[in-house]
Every structure is written in structure tokens, then in C-alpha cells.
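Peer 1: Sharing a structure below in C-alpha cells format, with a few things to ask.
Read-outs throughout are calculated quantities, based only on the coordinates presented, and are distinct from any laboratory measurement. Computed from a predicted structure; not experimentally measured. No Cβ is skipped: glycine too gets one built from the backbone with ideal geometry, and neighbour counts run over all protein chains shown.
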Amino acid sequence: MKKIMSILTMGILSLLLVGMLGCGAMQDQKSDQENQPGKDATYDQLEENQSNNQEGSPTNSQEGNPTGSQEGNPADSLEDSRTGQQQEPDQKSNPEQLKQWDGVKGRIVTEDYPAEISAYLEENKTMETQRALNVNNKTYLVLTMGQCPTAGYQIEFTNLSLKDGKLIIKAKYVKPNRDDIVATVITYPSLVIETDDIYEGHYLIEFNIDKINNKIQHLDID
């Protein structure tokens, strides 16, 4: 009986000892897991680091990359950097080029006249005149139609030719038709032609104006 009791006691003690050892091992394993980052924590940390690197990298940022920024590329934008307004082509910087007519080069001038031409147009705007003026070594052929009661009147250039020492300019008066709707405003039509290689006193100037009563005027260059 004593032997049986002794064996049972030893068995119970052995079970208790094994159980105590097993609990200690489980606690040590749990402690190690808490002290080491898991796979999910490591993955989240890597993603956060990568995101921070992209935000701070000037090569991947449109604001920091001058080649990737549309606002910083003047070739792709027509806006004025100072005003932000859309730029328009400067028509005055591209005047009409010289044209080759019949033996002479020239161009029709509609703005930015020399001071002498502007003064002549102002002084003679109410009269019908044809004049050749030499300004800055260039000969200008100036025609004025006089005062007209409405819009729609104009002097239309036809041709310019140089033959046998005579410079001939052809033009015609254009008037509005009765059925045309035009502004009721006084106008002063004119025509200015700048010639090339035409020098003062070298040629006879002939103005051939096509109107109701065809009129031809001959005069020398001033």
C-alpha cells in the first residue's frame, strides 16, 4: 500500500513539474514574439518609408521637376508670366513684305506711316489728291479720296508698273451700293504705297484712277 501511494505521489509531482516547465516555455515564446516585429508590421513600415521617399524626391515631383512641369515650359504656354493673360501675335512686328509688280517692287502701307506721310494725310484728308513724296530715300505714292458721307468708300489698288522711265499706278474708287448697309459716319479714304529703288527725279509718275470720269494725272516726284 505504501509503495502504491509513493508511486502515485511521484507521478503527481512529475505531472506538476512538466506542467510548470511547459507554462514557462510558452511564456518565453510569447515574450519573444512581442519583442520582434511581425510580417505585417514590417510590410507596413516598408510602405510608409517608400511613400515618404516619393514625396521628398525632386525627380518624381511635378513641382520640383522643370522638365515635367507644364507651367514652367514657355514653349507650351502662350500666357504672359507677368500678367497671366493670353498673348496675341504682334501684327505690327510683321509688316507686309515687298511685292514684285510689273518692273517695280513695293508694298501697301496701312499703319505706322513716316511722320511726313501722316502729316500729308491729315492736311489733305478732305480733298481728292495724288502725290509722290520722297521720305528717307524712299518714294511713297499717296492718294486721298476726300471726305465721304458714310463708310464703304475706299481706294482699291490695281497695279504698279515701271515702263520706259514712267512709273504708272492704277487704282479705282470703290463706293457702297445703294442696298449696302453701312455706318453713317464721315470717312476719309486713302491709299499709301511704298516703292523700292525709285529715286527722286528719275521717273515720271502717272496716276491712273478708275472712277466715273476716268482721270489721269502726270507729275514728277517731289
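Peer 1: Consider A183 carefully, then state whether it is touching a residue at least 60 places away in the same chain (Cβ under 8 Å) and of a type in the set (G, A, S).
Peer 2: Answer is no for this residue.
Residue-by-condition table, conditions (1) without any contact (Cβ under 8 Å) to a residue 24 or more places away in the chain; (2) of a type outside the set (K, R):
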{"residue": "M127", "(1), (2)": "yes, yes"}
{"residue": "K138", "(1), (2)": "no, no"}
{"residue": "M145", "(1), (2)": "no, yes"}
{"residue": "G152", "(1), (2)": "no, yes"}
{"residue": "K170", "(1), (2)": "no, no"}
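Peer 1: Among the residues in the range 166-177, are any crowded, with 18+ Cβ neighbours inside 10 Å, in contact with a helix residue (DSSP H, G or I) (Cβ under 8 Å, 6 or more places away or on another chain) and part of a strand (DSSP E or B)?
Peer 2: no
Peer 1: Name the single residue that is nearest to the chain's Cα centre (by Cα) among those in the range 138-150 being in a loop (DSSP other than H, G, I, E, B) and more than 11 Å from Y188 (Cβ to Cβ).
Peer 2: Ranking the qualifying residues of the range 138-150, first place goes to T150.
Peer 1: Just need a number here: residues in the range 99-120 that are closer than 18 Å to T187 by Cβ, outside any loop (DSSP other than H, G, I, E, B) and out of contact with any strand residue (DSSP E or B) (no Cβ under 9 Å at 6 or more places or on another chain).
Peer 2: Final tally of qualifying residues: 1.
Peer 1: Tally up the residues in the range 121-133 that are part of a strand (DSSP E or B) and either buried (at least 17 other Cβ atoms within 10 Å of the Cβ) or within 38 Å of the chain's Cα centre (by Cα) (or both), please.
Peer 2: 5
Peer 1: Could you go through the range 188-195 and let me know if any residue there is surrounded by fewer than 16 Cβ atoms within 10 Å (Cβ to Cβ) and out of contact with any Cys (no Cβ under 7 Å at 6 or more places or on another chain).
Peer 2: No: zero hits.
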